[in-house]
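As structure tokens, the structure follows; a few thoughts come after it.
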2 protein chains.
Amino acid sequence: MEAERREEILTAAWYEIVHRGYAGTRVADIAQRSGTSSATVHYYFPTRSEVLSEALRFAMKRARERHEQELAGVGTLREQLVRLVELQIPVGSVHDDFRIWLEVWNEASRRAELRPIQDDSYERWVNFVKAIVTKGQRRGEFATGVDAAEVVAQLLAIIDGLAIQVVAGSSHLGPDEMRKLVLSFLERELFRYGQ
Amino acid sequence: MEAERREEILTAAWYEIVHRGYAGTRVADIAQRSGTSSATVHYYFPTRSEVLSEALRFAMKRARERHEQELAGVGTLREQLVRLVELQIPVGSVHDDFRIWLEVWNEASRRAELRPIQDDSYERWVNFVKAIVTKGQRRGEFATGVDAAEVVAQLLAIIDGLAIQVVAGSSHLGPDEMRKLVLSFLERELFRYGQ
């Protein structure tokens, strides 16, 4: 019951950050969205900063779980990478996730407080993808001429850089163009010389 | 005199956006920083929205001019691209530029008002780099097996994606790692098979 209420508050906080931005979200907004009071929010999270930080950690954990679930039944490592790219195309809830990321990067650039969350989360993400690439290189599914750490850092940067344009409402770059550009990078760097 | 005052106001607005964020910058802050009054700011720019938008356009125009100046004397197209990468490494004023970009992307994701500025500016940036790549391919300085539009979109996304990590204060990715990763992408995609 307590855990359930806690999750409701974090989900509400996440929603408010997506729509109002990190700076614009007040504890009262979170309380209203989760159908409770500011006092109750503060019972679980003593400060505004704590509820917002915890909401970001919660959202990132949820995204990681979704990635793991989605890849669980996928056959080849090549198919896993392609599936993972698909999960980064900013449509629906992934669009909201990228808006949160933009908030986090923006806030972290100005305040040290959010840096450990962004840093830890990005590092887990890098390692998750690197494990797939390394395994694929070992199994001969992927090209081995390129350093796994290097190609993963470039891949994730391409994903973020293109997603930003999509989320910022570019009239030149939409979800379809993004998918095509990310996959063509993978094709040249890892798939072409593989199986 | 009027043009000079106008530029002072825009430079002050730019400074305030870097330090307070787009949402947190008031006309009074801009007036104070530029040593004038809110009434004077409003004489040049009727609304807060106009002074902020104009400050962004001004900063982006200034960045483009800096790029053109910096490349003017540079010999080969390969050296031009390497120089251009160097100008994107977020140290000093480039660090501030990327904080502005983060603000713009963040705001544009939430409000349609800033989209045309970001869209137009990014398109000019894409075309600027594409002209160098196309010329290099025509002259045989760069590999021709890859589509110029595609490799430029990927290159600029890598730059943005990595710069975000640097600006967000990543403990894993600093300016030196960023430079290395961008140059190794260029090496594999354009330089290796060139001259």
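The values are calculated or read from the model by the stated rules, or taken from the named source; none is laboratory data. Everything quoted here is computed from the prediction, not taken from an experiment. Cβ sites come from the backbone with ideal geometry, for glycine too, and all protein chains shown count toward neighbours.
Among the conditions (1) under 20 Å from B:Arg111 (Cβ atoms); (2) free of Cβ contacts under 8 Å to residues at least 12 places away in the same chain; (3) surrounded by fewer than 20 Cβ atoms within 10 Å (Cβ to Cβ), A:Pro46 misses just one, which is (1).
Among residues of the range B:54-75 being modelled with pLDDT under 90 and among the small types (Gly, Ala, Ser), the one that is nearest to B:Tyr22 (Cα to Cα) is B:Ala59. Among the residues of the range A:117-144, those identified as within 9 Å of chain B (Cβ to nearest Cβ) and either touching a helix residue (DSSP H, G or I) at 6+ places or on another chain (Cβ under 8 Å) or on the phi > 0 side of the Ramachandran plot (or both) are A:Gln118, A:Tyr122, A:Val126.
From the list A:Arg78, A:Arg99, A:Arg110, A:Arg115, the lone residue that is charged (D, E, K, R) and farther than 25 Å from A:His19 by Cα is A:Arg78.
Do we have any residue at all in the range A:120-138 that's loosely packed, with under 15 Cβ neighbours inside 10 Å, out of contact with any Cys (no Cβ under 7 Å at 6 or more places or on another chain) and not in a helix (DSSP H, G or I)? Even if it seems obvious, please write down each step before you answer.
Taking the range A:120-138 first, the residues loosely packed, with under 15 Cβ neighbours inside 10 Å are A:120, A:123-124, A:127, A:131, A:135, A:138.
Cutting the leftovers down to out of contact with any Cys (no Cβ under 7 Å at 6 or more places or on another chain) gives us A:120, A:123-124, A:127, A:131, A:135, A:138.
From what is left, the residues that are not in a helix (DSSP H, G or I) are none.
Checked against the condition, which is being loosely packed, with under 15 Cβ neighbours inside 10 Å, out of contact with any Cys (no Cβ under 7 Å at 6 or more places or on another chain) and not in a helix (DSSP H, G or I), the range A:120-138 yields no hits at all.
Exactly one residue out of A:Ser109, A:Ser53, A:Ser93 is more than 14 Å from chain B (Cβ to nearest Cβ), small (Gly, Ala, Ser) and in contact with a Leu (Cβ under 8 Å, 6 or more places away or on another chain): that is A:Ser53.
Residues that are of a type in the set (Ser, Thr, Tyr), in a loop (DSSP other than H, G, I, E, B) and modelled with pLDDT of 90 or more within the range B:11-28 comprise just one, B:Thr25.
Select, from B:Leu183, B:Leu114, B:Leu173, the only residue that is surrounded by 15 or more Cβ atoms within 10 Å (Cβ to Cβ), within 19 Å of the chain's Cα centre (by Cα) and facing another protein chain (nearest Cβ under 9 Å). Lay out the reasoning, then the answer.
Numbers: B:Leu183 fails: facing another protein chain (nearest Cβ under 9 Å); B:Leu173 fails: within 19 Å of the chain's Cα centre (by Cα).
Result of the check over B:Leu183, B:Leu114, B:Leu173: B:Leu114.
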